[in-house]
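The values are calculated or read from the model by the stated rules, or taken from the named source; none is laboratory data. Just so we're clear, the structure is a prediction, and the values are computed from it rather than from any experiment. Ideal geometry is used to build each Cβ from the backbone, glycine not excepted, and the neighbour counts take in all protein chains shown. Protein only, heavy atoms only, side chains kept; ligands, DNA and RNA dropped before computing areas. Shrake-Rupley method; radii C 1.70, N 1.55, O 1.52, S 1.80 Å.
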Amino acid sequence: MADPSSYRPSPGQIPDSPGVYKFRDEHRRVIYVGKAKNLRQRVANYFQDLANLHPRTRSMVTTAASVEWTVVSTEVEALQLEYTWIKEFDPRFNVKYRDDKSYPYLAVTLNEEFPRVQVMRGAKKKGVRYFGPYGHAWAIRETVDLMLRVFPVRTCSAGVFKNAARTGRPCLLGYIDKCSAPCVGRVTPEEHRELAEDFCDFMAGRTGTYIRRLEKDMTQAAEEMEYERAARLRDDAGALRRAMEKSAVVLADATDADLIAVAEDELEAALQIFHVRGGRVRGQRGWVTDKVEAVDTAGLVEHALQQLYGEERGDAVPKEVLVPALPEDTEAVSQWLAERRGSQVSLRIPQRGDKKDLMATVQRNAQQALGLHKTKRASDLTTRSRALEEIAEALGLDTAPLRIECYDISHLQGDDVVASMVVFEDGLARKSEYRRFQIKGFEGQDDVRSMHEVIGRRFKRYLQEKERTGEWEQTPPASGEAPHPAQDSPAPAQADEADPREDDGRPKRFAYPPQLVVVDGGQPQVAAAKRALDELGIDDIAVCGLAKRLEEVWLPDDDDPVILPRSSEGLYLLQRVRDEAHRFAITYQRAKRAKRIRTSPLDDVAGLGETRKQALIKHFGSVKKLRQATIEEICEVPGIGRRTAESVAVALASAAPAAPAVNTATGEIMEEDDGGTS
């Protein structure tokens, strides 16, 4: 780990003009590339107190061993140079979007003498017109099959084309009029190229011209009583309409735009792009990236624009680019896009109307893509196996932890303190084994003490189950030694007292021990968990903690944490386990708090069921008014006798009025008369 002060340049060395900078490690590899309006201000930010830096930035500057920069004349040049260097050096700390598949495009090879329509994947070639990308290749083939009736462009390979030219016989498509057969001279190269260009115009969104032309020719043919030709033209127009229907109109003003949405969490981000041409969605694709640098949504958008348009020219860059957040240097990015398109490009956030609605759809797609990516990553057997092996190696375990239990404490300002236990077996959540706890040993907020109590209670139950089955034999304490804590625990239930639902051959709730206990927290929580296990005499279960702020893994009795690489599948699994424990704990805590808020003094009245409670509330309007009623007035409620009325009056008199409810959105105190129960 390098000390940034060892390679920090003096302020006078760094120019205050626009430029691009590179951080290199001790092996001279470029690990980060950035750009700045003012190099002096930007680079100096990396050399402040490490405690003030974002954890990912801190990791980058301590990995680096030198920094260098290149001055440029404009911010647009800086943007272009940054993109070029990121592509050239592939720095490990820069955001890089990765695609999990190669999207197919509909391509027209205008660089050939006889242009060909085909499905293409991979890198784009010069002189080829692309449309898409599409989600599936079959969608392209269906569209092309419909359009070949009107634009019979060549679709065959070079080998088939040459063979047909040599034999003088076209392929099947030539015989059924879905190819103009330039291979045998039915059309000239110029006529065939004109067909290909018309095909491209239609795909680019200029659809009305061709349909109107077909309808005009159809009408003229009918007037001239050429009914067979008119019928064919009618079918051709229908084919074009069906091709258009495959991409419904989403923007009524025939807009050409790309819509970009981002879904992100602390670790990853998913990007979705909808390509709208002529008001119709002509293509869709998505990328996923690890957030290896400290970057916000605006930064993710800027990186996406660089990757999306860095190799594009002309109409491939649309007139409008709609984004969820504007890049920091919006003017420079807009100018860079305009230079690539050759005309003005509008870069903005949609505020209202159809474009905002469509952006919401793109955002939902991004959220689904992020969720699907996480699910795939979690469910992949090879990935899970590697994750467990990495955890075992990092923590010094003899075997991979096939069962992991994670514990988290949740409360609201010290009230309703609860804990959760989640279980992962073979890297997958085992939700039937999840458990939740109420903290009973003390009142108030103390996460460390709560963790000690929960771990102790869980593993006391485990020891009791082992005693019941004869797997655990207590050894008497040595002379002068305190009794073993397990001996102080309640005796296990006898077989005839056991819950019959659990005597069907299945183990009881806490029968299986984990190989690894993970706690949400740092050194104090880990020490508390370890102490609870030691007090029970359990020494064959590993313990670690995952501190959320820096994603550090803490082990008992170690002063320094274990740092797993950001790309580690083991760290990713530990984070998933910790996040699931947190979700389960906070869900229980919120439900418990809501139940407490809904509690009514009427709940303590013996024999008063839900129906009669509702009848009382309905009759008086609120508990407050019921409390003010006499016994005779309570007896007037149908179904309430005098004895029950007396019990209700006593219960309400002994219960202190609840604190007034507060509307958290407005701060307004809500009167009890407005509600049903207090």
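Some points to look at:
- Residue in region 52-68 that is farther than 19 Å from Pro327 by Cα, out of contact with any strand residue (DSSP E or B) (no Cβ under 6 Å at 6 or more places or on another chain), assigned to a loop (DSSP other than H, G, I, E, B) and charged (D, E, K, R) present: no
- Considering (1) in contact with an Asp or Glu (Cβ under 9 Å, 6 or more places away or on another chain); (2) touching a residue at least 60 places away in the same chain (Cβ under 8 Å); (3) open to solvent by 50 Å² or more (accessible area, probe 1.4 Å); (4) not hydroxyl-bearing (Ser, Thr, Tyr), the lone condition that Arg40 does not fulfil carries the number (2).
- Some residue of region 144-157 being in a helix (DSSP H, G or I), at pLDDT below 90 and under 28 Å from Val317 (Cβ atoms): yes
- Residue that is farther than 25 Å from Leu259 by Cβ and assigned to a helix (DSSP H, G or I), where the choices are Asp217, Asp201: Asp217
- Sole exception among (1) polar (S, T, N, Q); (2) over 18 Å from Tyr572 (Cβ atoms); (3) in contact with a helix residue (DSSP H, G or I) (Cβ under 6 Å, 6 or more places away or on another chain); (4) surrounded by fewer than 19 Cβ atoms within 10 Å (Cβ to Cβ) for Ser420, by number: (4)
- Scanning region 47-101 for residues that are of a type in the set (Gly, Ala, Ser) and either surrounded by 14 or more Cβ atoms within 10 Å (Cβ to Cβ) or under 16 Å from Glu302 (Cβ atoms) (or both) gives Ser59, Ala64, Ala65, Ser66, Ala78.
- Number of residues in region 276-307 that are open to solvent by less than 10 Å² (accessible area, probe 1.4 Å) and among the aliphatic types (A, V, I, L, M): the value is 5.
- Scanning region 540-562 for residues that are over 25 Å from Lys376 (Cα atoms) and open to solvent by 50 Å² or more (accessible area, probe 1.4 Å) returns Asp540, Arg549, Asp557, Asp558, Asp559, Asp560.
- Screening the candidates Val119, Val144, Val184, Val108 for the property of being of a type in the set (Val, Ile, Thr) and farther than 29 Å from Arg229 by Cα yields one hit, Val119.
- Only one of the numbered conditions (1) modelled with pLDDT of 85 or more; (2) in contact with a Pro (Cβ under 8 Å, 6 or more places away or on another chain) is violated by Tyr103, and that is (1).
- Qualifying residue in region 300-323 (condition: modelled with pLDDT under 80, touching a helix residue (DSSP H, G or I) at 6+ places or on another chain (Cβ under 6 Å) and over 19 Å from Arg129 (Cβ atoms)): no
- Within region 109-132, residues that are in contact (Cβ under 8 Å) with a residue 24 or more places away in the chain and closer than 22 Å to Val276 by Cα have Cβ atoms under 7 Å from residues that are open to solvent by 30 Å² or more (accessible area, probe 1.4 Å) and of a type in the set (Val, Ile, Thr) in these pairs: Val117/Thr155; Gln118/Thr155, counting only partners at least 6 apart in sequence or on another chain.
- Any hit, region 160-170, residues being open to solvent by 50 Å² or more (accessible area, probe 1.4 Å) and within 30 Å of Ala257 (Cβ to Cβ): no
- Condition met for Leu397 (closer than 25 Å to Gly521 by Cβ and at pLDDT 85 or above): yes
- Every pair of residues 6+ apart whose Cβ atoms lie under 8 Å, when the first sits in region 459-475 and is crowded, with 19+ Cβ neighbours inside 10 Å and among the aromatic types (Phe, Trp, Tyr) while the second is in a helix (DSSP H, G or I) and modelled with pLDDT of 55 or more: Phe459/Ala532; Phe459/Leu533
- Test: residue in region 584-594 that is farther than 28 Å from Gln464 by Cβ and in a loop (DSSP other than H, G, I, E, B): no
- The residues of region 324-366 that are out of contact with any helix residue (DSSP H, G or I) (no Cβ under 8 Å at 6 or more places or on another chain), assigned to a loop (DSSP other than H, G, I, E, B) and within 22 Å of Ala263 (Cα to Cα), listed by number, are Ile349, Gln351, Arg352.
- The listed residues are His373, His411, and the only one of them that is at pLDDT below 85 and outside any strand (DSSP E or B) turns out to be His373.
- Residues within region 150-179 that are among the small types (Gly, Ala, Ser) and closer than 25 Å to Ala231 by Cα, tallied: 1
- Entry remark, region 621-645: residues being part of a helix (DSSP H, G or I), surrounded by 18 or more Cβ atoms within 10 Å (Cβ to Cβ) and over 48 Å from the mean Cα position of the chain (by Cα) number 5 in total.
- From Val160, Val249, residue being at pLDDT below 90 and within 14 Å of Arg116 (Cβ to Cβ): Val160
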